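Have a look at the structure below, then the notes.
The values are calculated or read from the model by the stated rules, or taken from the named source; none is laboratory data. Quick caveat, the model's predicted, so the values are computed rather than measured. Glycine also receives a Cβ, built like all others from the backbone with ideal geometry; neighbour counts cover every protein chain displayed. For accessibility, only protein heavy atoms count, side chains too; no ligands or nucleic acids. Shrake-Rupley method; radii C 1.70, N 1.55, O 1.52, S 1.80 Å.
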Amino acid sequence: MLLKKFISYYKPHRKLFAIDMCCSFVVAVCDLFYPIIAKNIINDYVPNQNLRLLLTWAAVLLGIYALKAVLSYIVQYWGHVVGVRMQGDMRADMFRKLQRLPFSFFDENKTGTIMSRMMNDLMDVSELAHHGPEDIFLSVILLIGSFVMLARINLWLTLIIFAVLPLIVLFAIRLRKQMQDTFRDTRVEVAEVNANVETAIAGIRVSRAYTAAAHENTKFDAANERFKRARGRAYRMMGIFHSGMTFLTDILYLIVLVAGGLFFFYDQINTGEFAAYLLYINMFLKPINRLVAIFEQIQNGITGFTRFEEIMAVADEPEIADAADAGQLKGHICFENVSFRYANSDVADEQTRVIDHLTLDIPQGKTIALVGPSGGGKTTLCHLIPRFYEVTQGRITIDGQDITQLSRMSLRRNIGMVAQDVFLFNGTIRENIAYGNLDASEQEIIQAAKRANIHDYIMTLEQGYDTNVGERGVKLSGGQKQRISIARVFLKNPPILILDEATSALDNATEMLIQQSLEALSQGRTCLVVAHRLSTIKNADEIVVLTKDGILERGTHQALLEKNGLYASLYQYQFHQ
């Protein structure tokens, strides 16, 4: 099954691959001519002083070598092009697969590990895609060709030599499984090193701020040491394989010398035949040595493709076959006896409860604020609406439609989100705002920026909207990133807004401006707001106090203050701060 999947990637490039294989075949055939010509020169042309035939066949050999040089160029260049194109196809397939995977996959897999599979592993697969079939094909042609030529010289001597071949094959097969396991361990540790580097670079400001360089070095050294040990085990198996194969091929060559010498001694073969025989034996050993030399590459490629297939085999975000298009939703959201639990990846049977039997009705066009202590499930509740995660019990409906019956894409088109953890892509300010609507005009982008109160700042920059924000928006302040993120939502203009701490990174003055814009945008739309700054949600139509035990309180700001419960305590605490 794995081999069939691997071969399928050759199909778009089969013409180029066929040219590569044809050229490889001709190169292999060219190699078979030299011993024949050498035998004739030794047995005939030199003893009989036939200078014309000697020069003629020398010219023929020169022509063969010239043809071989041209074909070798094609094999090396276009053969590698085939490998690179296959690698590109696999990488594109993996990237598209990642776009379809559930969020739980990214919760359980480190970014650096995924990057290692996409880049390092597929690089080795590319080399295997080129060298694997080509070297195996060349080896088979040379083995068959040299066997035929050797048998023509002396069949019994050839059978004696080839009797050793099963020992070489058996030795390689016995070590194959152990080598595959050790190379897989190496891949795992390489991915861990990449994950550590990715995390360390992303968090370099935190580690510097906390003077934790020594701690990061210790973590990296531990992962690096595990990699070195795994690589050492792999090279130990390679050492056993190479030394064993070298010993067996040396024994084979010794048998050739002794047996060939005896056959020559007893006049079963002549001088030219003996010389040709030795040349063909070298040719016979060449494919064996070639396979020994590329065995590490083959193991790396097989391991890399296996790890590629592991990701490709992960189930996509579940979608029913006849999922309906949500169209333009109005925004009446209902949580009906909803429960949700994150599966704990460390203990398979243990699950962590986040939301338990929650029932909540959010009328169309109303602003509902979620407040309460951390861990109460406020952000999780927001993530269930666009189906970033699936409820484990109950259901969520929008305008009376069960969201699991709607296609994810059409559902998410109706939802705008500003998350607490703002993420900007490495690109320009224009590109990041345009994420809200990739078909938006320049004027629409500028209007969205103005409504988010970021336009004036952008115009002070030398390159304006073409300013690069850097990786994760590192060149901007927290408030600037937040406002660009809010501009995306203005541009998307959805019927449902989810604001998860949307103004958390803003100063008080800017927060007031943004709050006015958000209140204007929320008019006539369903708006779900998660906030710790309670001053920002005083005008919400309803405030829901959510704890680990469910909804503790709900009502307007004034009603909850008069109730003098948890909300009143939280508000008074912040007010006195």
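Shown here is the pair-distance distribution of the chain: with all Cα-Cα distances grouped in 10 Å bins from zero up to the longest one, the shares run 3, 12, 17, 18, 14, 10, 8, 7, 5, 3, 1, 0, 0 percent.
Find the all-direction average of the projected area of the Cα convex hull for the range 429-473, expressing the result in square nanometres with one decimal place.
Details: hull surface 12.3 nm².
Projected over every direction and averaged, the Cα hull of the range 429-473 covers 3.1 nm².
For the range 519-577, take the convex hull of the Cα atoms, compute a quarter of its surface area, and give me that in nm², please.
Numbers: hull surface 17.8 nm².
For the range 519-577, the mean projected area of the Cα convex hull comes to 4.5 nm².
Hey, could you grab the Kirkwood Rh for the range 211-337? Inverse mean 1/r over distinct alpha carbon pairs, Å, one decimal. Don't skip to the end; give the middle numbers.
Details: mean 1/r = 0.0457 Å⁻¹.
After inverting the mean inverse Cα-Cα distance, the result is 21.9 Å.
Roughly what % of DSSP beta bridges within the chain run antiparallel, to the nearest 5?
Values: 21 of 39 bridges.
Approximately 55 percent, going by the DSSP bridge assignments.
These residues, Thr186, Thr379, Thr359, go from largest to smallest accessible area, 1.4 Å probe, as Thr359, Thr379, Thr186. Computing the accessible area with a 1.4 Å probe over protein heavy atoms, can you report the carbon and sulfur percentage for the chain? The nonpolar share, carbon plus sulfur, comes to 58 percent.
For the range 382-448, the equivalent ellipsoid derived from the alpha-carbon gyration tensor has semi-axes of 29, 14, 9 Å in decreasing order. Shown here: the range 303-406, whose C-alpha atoms stretch 54, 36, 19 Å along the first, second and third principal axes, sorted largest to smallest.
Between the residues Gly88, Trp78, Phe388, the greatest Cα displacement towards the positive end of the dipole of the chain, with unit charges on the Cβ of Lys, Arg, Asp and Glu, is found for Trp78. Using heavy atoms of the protein chains and a probe of 1.4 Å, the accessible area assigned to Asp181 is about 70 Å². For the peptides 420-428, 147-155, the ranking by mean Cβ contacts within 10 Å, running from highest to lowest, is 147-155, 420-428. Rank Leu528, Met118, Leu128 by how far each Cα sits towards the positive end of the charge dipole of the chain (+1 on Lys, Arg Cβ; -1 on Asp, Glu Cβ) and give me just the farthest. So the residue furthest toward the plus end is Leu128. Using a cutoff of 8 angstrom between alpha carbon atoms and counting only pairs six or more residues apart, the relative contact order for the chain works out to 14 percent. In the frame of its principal axes, the range 121-193 has Cα extents of 56, 25, 11 Å, reported largest first.
Computed from the Cα positions only, the extents of the range 1-121 along the three principal axes stand at 81, 25, 24 Å, in decreasing order. Karplus-based coupling profile of the range 64-76, in residue order and whole Hz: 4, 5, 5, 4, 4, 5, 5, 5, 5, 4, 4, 4, 5, with θ = phi - 60° in 6.51 cos²θ - 1.76 cosθ + 1.60 and x standing for Gly or Pro. Only protein heavy atoms count here; under a 1.4 Å probe, Phe264 has an accessible surface of about 80 Å². Dividing the convex hull volume of the alpha-carbon atoms in the range 357-409 by its residue count gives 103 Å³ per residue. The tail of the calculated P(r) for the range 84-243, taken as Cα-Cα distances beyond 19 Å, holds 72 percent of the pairs. The tail of the calculated P(r) for the range 391-513 beyond 23 Å holds 34 percent of all Cα-Cα pairs.
Counting each DSSP H run of 4 or more residues in the chain as -39500 (n - 2.57), what helix-only mean residue ellipticity at 222 nm follows after dividing by all residues, to the nearest 500 deg cm²/dmol? Don't skip to the end; give the middle numbers.
Working: 20 runs with 356 residues, N = 577.
So the calculated ellipticity at 222 nm is -21000 deg cm²/dmol.
Surface analysis of the range 410-505 yields an accessible area of 45 Å² per residue, using protein heavy atoms and a 1.4 Å probe. The H on the amide N of Ser339, modeled in the peptide plane, is under 5 Å from the matching H of His357, Leu358, Thr392, Gln393, Gly394, each at least 5 residues off or on a different chain. Label sites at Gln401 and Lys11, each approximated as a point 7 angstrom past Cα along Cα to Cβ, lie 3.4 nm apart.
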